[in-house]
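Quick notes on the structure that follows.
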Amino acid sequence: MFQNLTKVAFILGVALLLASCNAVKYVPDGEFLLTDNTINVDGEEVKKNEPYAYLTQRPNTKFPLLGVPIGLHIYNLADPKPDSTFQAWLDKKPRREERLVKFLSRKQLEALDSSYIKFNQFLQRAGDAPVIVSEDRNEKSVTQLERYYASLGYFNAEASHQVLKDSSKEKRAQVLYDVKKYKPYFIDSIAYNISSPAVDSLFKLSKNESFIKEGEQYNRSNFVNEIDRLTIEFRNSGMYYFDQDYVTFKGDTVNTGHKANITYVIPDRRIPSGDTTYTEPFKIYTVNDVRVVTDYTFANNNKTFTDSITHNGYKLYGYEKIKYRPKAITDALSIAPDSIFSDIDRNLTYNQISDLKIFKYPNISYQEDPQDSLGLIATILLTPQKKYTLDTSFDAYTSALQPFGIGFSTSLLIRNIFRGAETLQLSGGGSVGSSADRNVGFFGTSDIGTNVRLSFPRILFPLNTDKFIPKYMSPSTNLSVGLNLQNNIGLDRQNYSGKFNYRWKPAKIRTNEFDLFDIQYVRNLNVDNYFNVYQSSYERLNELAIATGYDFSNEQMLDSPRLAIPGETDDFLNDVLINQDPDLNVTDEQFDEILSIAERRTRLSENNLIFATAFTWLQDTRENIFDKSWTRFRWKLASAGTILSGIAALTGAEENENGNKEIGGVAYSQYIKGEAEIIKHWTLFDNNVFATRAFIGLAIPYGNANNIPFTRSYFAGGTNDNRGWRAYSLGPGSSGGVFDFNEANFKLAFNAEYRYTILGAFKGAFFVDVGNIWNVADELSDNPEYNFDGLQDLKELAVASGFGIRYDFGFFVLRFDIGFKTHDPGRPEGQRWFKDYNFKNAVYNIGINYPF
């Protein structure tokens, strides 16, 4: 308790120290540090952020909760004149400079001077200069506010400002802006002045989709959206020379009683000719030819083509022999010969060529066809990427099972392997390390894996799928096989996997994936090592053996008897569960717990055969890695065991002692699994971000299975989940995470995080994580603490809260989060809130990039 109070006192002390620093240290006399902006509209204070974005001056950014402008205080630590200050320090005492030169040398003294200057320059760059109240900027803010409200239809809006000096603190002031909106203007009538007949015809076809409607309040954004809509409509309908500058509006608001009469103005095309310009009506253009250069580089620009191929009207050229089958290229082109010009086709072609992953970003241009005044020639320049790409990495690590390990990975990517734009990726990796078991040797553990993945830029299927999945959806077929082998790690698991997958993009923000089959075979070679790996189960089994009066064979451990692994652990389980030894004093409650341990051992050590089919639907509005406001929604439905069930019925597969049918000596898994996830990011004031995530997943065993394989079940906790608990340590339900690896078949997870800038690339965050796992319709669902039986079990949701610090390198983020157990469902009811809310019981998470 004393330690916790000391930490809290230290944090408060630092905060008070920063707050007590002289924030106006470098504010000139007669001027004021801007501490706050307030906007009042028609007498009421505005709370929403949008109007404040139009102010040209904002106060120095403050650290959330503490309200301290850390950046300003860091700036104030800097010496504004470090060169003269250093020289003044040297001159302060006679012969100081002379003595330092003798002691350090003149060169080192100059280096010290330079270091002092650079350090102070760094403080100024890292910090925030004080924001001084500026009358000129205040006037600009007034003008900006009037323009903002005019854009919403308040053409007569008036704004003013006043500077309010802080009487309690020197050189500080806030600015109050007062806006009077007055009566807004509404759109009364709409007229049209469109010169080109072709434009007029196209306009009438989509007139009902206009953003500008009679009777609605004027809003400038509707006019901007209408210009964009018409430009897109016309340019996708063959008008190659049309652009948004041709769409303008005239508004008449004179003596109209706060009504605006709007006129569309779309003139003819303007064509420069020498020093003059003439006009002619817009016309619809057709793409006559599509020419593709398959090996373009700047060095090849003036060379002569040596190879050419014509395929379905497309003309392919190469400076060397063309290395691609024509169909592989033309299937990725939405620009087609003898088609109407369309910007959509060009954009789709950009995306589809990039999705092939064998060319760099393409160059697409159009020229007028000299033989046709309404024809265009499209030229697509493709620059191939390197045929081979090799990546290799090494790292060192520590874990509970491996005190020291060296990891490695390598990947070889081969492009256009069969001349059809296919890619083949060969990857391998693993680790070697020491073991906690001294009998194994220093580098006696290993984890080796390899994977082969072959991708085709088309749907491989016996029937033609172009009508359902056309080429503009960038379809692909992916086939992969993998192998992973462990030695002296856990149960020495061997993992064999294979997947046949289809992928396509119905829309720019939509991606669909269909796993025709996803096969996994898990084989455990060292089952006898189970209780050495799952220590919590082993410790509890020893306690139960002592409590039931088991006769331990090791007489040298009478003071602290331990079951020998695997002989005695197996004997004890058999004596209780099978032989029901009368010499053991086993209560019903103890019997159920021992049965649960035995069932868990069987489940986690049994071999698994999984044959699943799955469909994934993904919608992601994020445009690039720098996009801060976006939504991502994903749902997935998987079914395992259906095909194998049919095979077992046809072949008359035998049943094991548990009544499960086996194929190849392994009981196959059978389940239905569904999950959904939504992630939403909002950009707030000063580019801060509020991010949320919600996840629900449920897997139900049926038919040939009584449970979900460990590799396909859910766990909770960890650096990307509930950060108040370590991975696998939370749940199920209110059990308190009694096992080493806790998992279940139902999961709920909710996360919220407020991300803000501390200083430059240093970012901070406050977060709340909520979630848990439960058993539902599973063989392990006999214990009510583990089960989800209804909405009343939502009280078992675990809540973690905390804060983090991150450093943004641009291409990735290094993250350090501290999570505190806020609501612990593993504790008795009434003792769950804030009982372990301290640094001693906190969980420290290190991760790469944001958790969601």
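On a straight-distance basis, which lysines could pair with residue 763 in a cross-link, Cα separation under 28 angstrom, same-chain partners fewer than 8 positions away excluded?
Straight-line reach from residue 763, under 28 Å: 7, 25, 47, 48, 62, 118, 628, 680, 821, 840.
How far is helix 220-235 tilted off the main Cα axis of the chain, in degrees rounded to 10, range 0 to 90?
90
What are the residues whose amide H is under 5 Å from the amide H of residue 166, where those residues sit 5 or more places off or on another chain and H is modelled from the backbone?
172, 173, 174
If you line up the long axis of helix 567-577 against the longest principal axis of the chain, both from Cα atoms, how many degrees apart are they, to the nearest 10?
Its long axis makes an angle of about 90 degrees.
What relative contact order, as a whole-number percentage, does region 715-852 give when Cα pairs under 8 Å and 6 or more residues apart are counted? Each step should come with its number before you reach the end.
Working: 349 pairs, mean separation 35.0, N = 138.
The normalised contact order for region 715-852 reaches 25 percent.
Given a cut-off of 21 Å, name the pairs among 321/386; 386/508; 327/499 whose C-alpha atoms lie farther apart than that in the structure shown.
Details: 321/386 16 Å; 386/508 27 Å; 327/499 26 Å.
Violating the 21 Å Cα-Cα cut-off are 386/508; 327/499.
In whole Hz and in residue order, list the ³J(HN,Hα) couplings for region 423-429 that follow from phi through the Karplus curve 6.51 cos²θ - 1.76 cosθ + 1.60, θ = phi - 60°; x for Gly and Pro.
So the J values, rounded to whole Hz, are 10, 10, 10, 10, 10, x, x.
Order of 25, 213 from fewest to most other C-beta atoms within 10 Å?
Numbers: 25 15, 213 10.
Lowest to highest Cβ neighbour count: 213, 25.
Residue by residue, what Karplus-based ³J(HN,Hα) values in Hz, rounded to whole numbers, does region 146-161 have, using 6.51, -1.76 and 1.60 with θ = phi - 60° and x for Gly and Pro?
5, 5, 4, 6, 5, 5, 9, x, 9, 5, 9, 4, 10, 10, 8, 9
Under a crude label model (7 Å from the Cα following the beta-carbon direction), how far is residue 44 from residue 25 in nanometres?
Reported label-point gap for residue 44 and residue 25 is 4.4 nm.
Return the sequence-ordered ³J(HN,Hα) values of region 202-207 in whole Hz as given by the Karplus equation 6.51 cos²θ - 1.76 cosθ + 1.60 applied to θ = phi - 60°, using x for Gly and Pro.
5, 4, 5, 5, 10, 4
Would you mind checking the tilt of helix 106-126 against the longest principal axis of the Cα atoms of the chain, expressed as 0 to 90 degrees and rounded to 10?
80
Which ordering of 833, 504 is given by a fewest-first count of other beta-carbon atoms within 10 Å?
Details: 833 12, 504 21.
Fewest to most other Cβ atoms nearby, the residues stand as 833, 504.
Which residues' amide hydrogens lie under 5 Å from the amide hydrogen of residue 152, considering only partners 5 or more residues apart or on another chain, with H built in the peptide plane?
Residues meeting the amide H criterion: 220.
Go through [x] 155; [y] 312; [z] 180 and flag the label whose value is the computed volume of the Cα convex hull per residue in Å³ for this structure.
From the options [x] 155; [y] 312; [z] 180, the structure gives [y].
Cα to Cα, under 19 Å, and not fewer than 8 places away if on the same chain: which lysines meet these conditions relative to residue 505?
357, 467, 471, 636
Which of the three applies to region 118-174, rounded, prolate or oblate, going by the alpha-carbon gyration tensor with a ≥ b ≥ c and a/c under 1.5 meaning rounded?
Details: a/c = 4.35, a/b = 1.83, b/c = 2.38.
Note, shape of region 118-174 comes out oblate.
Sorted from fewest to most neighbouring beta carbons within 10 Å, what does the list 472, 324 look like? Please list the in-between numbers first.
On the way: 472 19, 324 23.
Listing 472, 324 from fewest to most nearby Cβ atoms yields 472, 324.
Given H placed on each backbone N at 1.01 Å, which residues far from residue 490 in sequence or on other chains put an amide H within less than 5 Å of it?
The list, which skips near neighbours in sequence, is empty: none.
Values in this text are rule-based calculations from the coordinates and carry no lab data. Please read all numbers here as calculations on a predicted model, not as lab measurements. Note: ideal-geometry Cβ built from the backbone for every residue, glycine included; neighbour counts use all protein chains shown.
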